[in-house]
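Take a look at the structure below.
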Amino acid sequence: MAKGKKNQDGRAANGTGSFYYSEQDGYWHGWVVVGTLDNGKPDRRHVMRRDEGEAWEGFLKLIQARDTGTVRKASQQRWTVETWLEHWLANIAPLTTRYKGLVGYKTAVRRHLIPGLGGHRLERVEPDKFEKLYAKMLASGLKPGTVHQVHRTARTAFGEAERRQLIFRNPLRIAKAPRVDEEEVEPLDAGEIQRVLAAALRRRNGVRFVIALALGARQGESLAIKWSRLDEQAGILRVRTQLQRRTWEHGCSDPHKCGEKYHKVESCPKKCKRHKRPCPPPCPKDCIGHARMCPQRTGGGLVEVPVKSKAGRRKFAVPAELLDLLHKHREQQNAEREQAGSEWQEEGWIFTQPNGKPIDPRRDYDEWVDLLNQAEVRKARLHDARHTAATVLLILGVADRTVMDIMGWSSLSMKQRYMHVTDDIRNEVAEQLNGYFWKTP
């Protein structure tokens, strides 16, 4: 029999509740008042077992939960992993999360967490369940970075459940995620920069990549620059917004029926040649996806949004050479406007399509890849141009506070991520050491 406080006659001690054996049904019963219901009446919880020891143990656990404040409220919904994650995605995460972050959450939840763990009770899922899911994801060929993103998403969602006392222990604080080795970034050196700049100025909108390398502007920031934010007399360029491509949403009353003919009902064959990435699973029975096909679709396409942080709202002092390139770019754009005639859609963008519309980030990236090939420069991400700009500031010895302002950093710790020690820097240090130790008397 489990140990606990009892009176000499075998009853539970005063203040703990009622514990007794009923000859009518042959069960041991335990009753504990754990609080008050919404209507003001006592919230009494019940434990019943045929074995006295098991009943007494359950009785004591109920008392302990009451005394520590971890007892579930009577009106509280019994969540599964799936119902909680969907509720969190729809009602909680959007309040504090930006669009791209929310898209990442949705992918992690609906592509991995719900198919893998959705049926478990929220308060009963153990850390090892997540670790087994991670192992399966790695075995399927997914990268550790993808698995780690799923882990971070789950940790955030379960952390919110813990704060709301839907669970009393976050299993993601214990579960281990795979190690992610940070990808080594090698910024472009001086020779590569010169070749890229020369190739960029031979193509339409090439100044856009000069801005990336010289000022370190992010892709979305560069594409969202408007003429109204360029003070040509002062040589100041203001960054306030960025351009994003967003997913369309249904505008109809029945999203499931609207996308009916696009629903995927069967899994891909084992040797699927259609998908380069892991094959998407079949659509759920109540699928409301395929919004891009909806005749009344809303919210998608290219959208201008504020930059991601207060530090991102900044000013660039444009070098004279770059300012001159922007003047020439304006003349070219004026000629395109005249040639386009009524087809031109004036929205004030500095970098546009031939009809005045903004440039899609996907096409912009393709342009970057083609530019590197033309310049005979090794493969590099477009975001590596930002790393290159930060490293150039390191080489020039620009003060940290000024670097933070130019790059739009809210923390100086970003230096470790974006500033890299290049061979040029190492050679310069070697020359300084040579002059110090072996200088001629």
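Observations, loosely collected:
- Qualifying residue in the range 390-407 (condition: part of a helix (DSSP H, G or I), touching a residue at least 40 places away in the same chain (Cβ under 8 Å), surrounded by 15 or more Cβ atoms within 10 Å (Cβ to Cβ) and in contact with a His (Cβ under 7 Å, 6 or more places away or on another chain)): yes
- Note on the range 120-166: residues that are in a helix (DSSP H, G or I) and either closer than 21 Å to Lys276 by Cα or not basic (Lys, Arg) (or both) total 28.
- Residue selected from the range 137-159 under the condition charged (D, E, K, R) and modelled with pLDDT of 95 or more, by the criterion nearest to the chain's Cα centre (by Cα): Arg152
- Annotation: Val180 fulfils all but one of (1) surrounded by 14 or more Cβ atoms within 10 Å (Cβ to Cβ); (2) in a helix (DSSP H, G or I); the unmet one is (2).
- Some residue of the range 110-119 being assigned to a loop (DSSP other than H, G, I, E, B) and either touching a residue at least 12 places away in the same chain (Cβ under 8 Å) or surrounded by 20 or more Cβ atoms within 10 Å (Cβ to Cβ) (or both): yes
- In the set Glu192, Glu221, only one residue is assigned to a helix (DSSP H, G or I) and in contact with a strand residue (DSSP E or B) (Cβ under 8 Å, 6 or more places away or on another chain); that residue is Glu221.
- Considering each residue of the range 48-63 in turn, at least one proves to be assigned to a helix (DSSP H, G or I), β-branched (Val, Ile, Thr) and either crowded, with 16+ Cβ neighbours inside 10 Å or modelled with pLDDT of 90 or more (or both).
- Residue that is farthest from the chain's Cα centre (by Cα), among those in the range 28-60 that are farther than 12 Å from Gly17 by Cα and of a type in the set (Lys, Arg): Arg50
- Within the range 242-258, being polar (S, T, N, Q) and in a loop (DSSP other than H, G, I, E, B) holds for Thr247, Ser253.
- If you check Trp88, Trp79, Trp84 for being touching a Lys or Arg at 6+ places or on another chain (Cβ under 9 Å), in contact (Cβ under 8 Å) with a residue 60 or more places away in the chain and surrounded by 14 or more Cβ atoms within 10 Å (Cβ to Cβ), only one passes: Trp79.
- Pairing residues of the range 239-258 that are without any contact (Cβ under 8 Å) to a residue 60 or more places away in the chain and among the aliphatic types (A, V, I, L, M) with residues that are surrounded by 14 or more Cβ atoms within 10 Å (Cβ to Cβ) and in a loop (DSSP other than H, G, I, E, B), at Cβ distances under 6 Å and at least 6 apart in sequence or on separate chains, gives no pairs at all.
Results for (1) surrounded by 15 or more Cβ atoms within 10 Å (Cβ to Cβ); (2) of a type outside the set (D, E, K, R); (3) closer than 30 Å to Lys143 by Cα, shown as yes or no for each residue.
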| position | (1), (2), (3) |
| --- | --- |
| His290 | yes, yes, yes |
| Val318 | yes, yes, no |
| His327 | no, yes, no |
| Asn355 | no, yes, no |
| Ile359 | yes, yes, no |
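- Filter pass, Lys261 being in a loop (DSSP other than H, G, I, E, B) and either hydroxyl-bearing (Ser, Thr, Tyr) or surrounded by fewer than 14 Cβ atoms within 10 Å (Cβ to Cβ) (or both): no
- Residue within the range 414-422 that is over 21 Å from Glu221 (Cα atoms), within 28 Å of the chain's Cα centre (by Cα) and not acidic (Asp, Glu) present: yes
The values are calculated or read from the model by the stated rules, or taken from the named source; none is laboratory data. Predicted model only: the values in this text are computed from it and were never measured. Neighbour counts are summed over all protein chains in view; Cβ atoms, including those assigned to glycine, are modelled from backbone coordinates with ideal geometry.
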